Amino acid sequence: MSFALIFALQFTAKAQIKVDSGNVYPLSLQQAINISKNSNNLVKAAQSEESASNSDLKDAKNNALPSIFTGANYQRYTSLTLYQGLKPVKSMPKYPTSNGADVSVSANFNLYAGGRQKAYEAEQSSKKDLATVNTQEQIGNVGLQVVAQYLDMVRLNDQKRFIIEQVVRAETRLKNITALYNNQKVTRSDVLRAELALSAAKLNLEQAENDIEIANQKLDVLLGFSDSTKVAPIDSAAMPRPATESLVTLVLGAGKDAYAIRQASENVKIQDARIRGVKSSFSPTLSLYSAYGISYPNNIFFPPVDQAYSIGFVGVKLQYNISSVYQNKHKTAASRIRLQELQYVQQNISDNVRQEAGSLLIKYKEALNRITVNEKSIEQARVNYKIVSAKYFNQLALLTDLLDADDLYQETRYNLVQAQTGAQFIYYRLLYTSGNL
């Protein structure tokens, strides 16, 4: 067992302990992904299927071993009755004895069957490889879901922080506007509008807290934690992002490393092995077989002798199923058509994966540009809010202008966090699409 896996299992165990205690559990994004690889139930189900496929392959290889049979029987005969028509005339014990017994061992070893055994092993081997790819795909799929929920919590936590700051601004603004109203410098409508703005901000805060709780529950399910666990994301929306140039290799490698392409390739191999299995039916079978047994009484001699005897043999058996000439003709044709169908599907999947990977790279560049623009917009909106606020309290602007400036400042901060988390999700989606998550 590798050191990384041991660390992950220990990390998961510690997480479970904290789950039971209901404490806040700090997690980085990469730690959350690693835990999901070992704790998620869907991943465990895929790993179980992979183990079963491995057992099927071992069973297929065992078919090449000789088939050995053993058996024994005992008989106790009744008296022999002779009839004259329907009338019994004489009864006597069976000659030479009323007892009979046999013990035997036989073996059969396939020497040639047209490649049927190799085709069967190849099919099971490809099924095992397909199960392995399915497990990797399930791990990547769960990892991508963890990324989505984790980034959603990061976004909601930042949103909550922004709203708390907005509530503070709204409370301060209401206090100042109330003072102006008491000095008869503003109307009652300004006070009412300031109160409404504060109430709206508090409602938004409650909504953000509820959304965080829901996102936390979804993340608990993906990580295999109890519902009482409070995950605290360590990474922020401004976590490091890879450069665009470093993602080009992912796009180029998606055409061969993507989970969907590898799955399609294994399906083609499985169908090809099935074709070889069907074609083997046209070939004769050659097998080596033998048997050895002990029998009682000795019925080989005449008259029979009341004694036990043993005898065995070794031989070669050649068989050919003549009916396979016409019975498997259409079966082979159907198998070849299905192989061609799978090859068409494989090519279509390859085209779609390359197109999707290229599109994600374009959207990633767009997301990085959006981050740059939003970073500039925040400073502009902040300065604008300070200017409008100063104008309003100097009776040079309307309250509507001040509230609009506050909303614009808040919106630009939201947009930056959304752009940052969006870029991260696009990056991890590209990892998943290219088969590297």
What is the distance in Å between the Cα centres of region 97-139 and region 395-421? 71
What residues qualify as long-range amide H neighbours of Leu27, i.e. H under 5 Å apart, gap of 5 or more or another chain, H built at 1.01 Å from N? Ala232, Ile234
Sites Arg336 and Ser106 - FRET efficiency at Förster radius 41 Å, r taken between beta-carbons, to 0.05: 0.60
So what J values fall out for region 237-252 if you push phi through Karplus, 6.51 cos²θ - 1.76 cosθ + 1.60 with θ = phi - 60°, rounded to Hz, Gly and Pro as x? 5, 8, 4, x, 10, x, 6, 4, 4, 6, 8, 5, 5, 5, 5, 5
So, in Å, what gap is there between the alpha-carbon centers of region 43-58 and region 200-267? 27
Just want to confirm a number: the relative contact order over region 21-162, from Cα pairs under 8 angstrom separated by 6+ residues, in percent. 35
Report the relative contact order of the chain, percent, no decimals, based on alpha-carbon pairs under 8 angstrom and at least 6 residues apart. 23
Residue-wise HN-Hα coupling along region 193-209, computed from phi with Karplus coefficients 6.51, -1.76, 1.60 (Hz; x: Gly, Pro): 5, 5, 5, 5, 5, 5, 5, 5, 5, 5, 5, 4, 5, 5, 5, 4, 5
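Which whole-number percentage describes the relative contact order of region 235-381, with Cα contacts under 8 Å and a sequence gap of 6 or more?
Working: 117 pairs, mean separation 47.6, N = 147.
Relative contact order of region 235-381: 32 percent.
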Please list, in order along region 305-312, the HN-Hα scalar couplings obtained from phi with the Karplus expression 6.51 cos²θ - 1.76 cosθ + 1.60 (θ = phi - 60°), rounded to whole Hz, x for Gly and Pro. 10, 7, 7, 8, 8, 10, 7, x
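Quick one: length gained pulling Lys87 to Gln217 fully straight, 0.36 nm per residue minus the C-alpha distance? Each step should come with its number before you reach the end.
Working: separation 130, 0.36 × 130 = 46.80 nm, distance 8.96 nm.
37.8 nm is the gain from fully extending Lys87 to Gln217.
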Taking amide hydrogens as modeled 1.01 Å from N in the peptide plane, which residues meet the under 5 Å criterion relative to Ala101, leaving out close sequence neighbours? Gln75, Tyr296
Given backbone amide H placed at 1.01 Å from N, residues whose amide H is under 5 Å from that of Ala397, ignoring those fewer than 5 places away on the same chain, are Tyr392
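Only the coordinates and a few stated rules stand behind these numbers; no lab work does. These figures come from a predicted structure and were not determined experimentally. With ideal geometry, Cβ positions are generated from the backbone for all residues, glycine too; neighbour counts draw on all protein chains shown.
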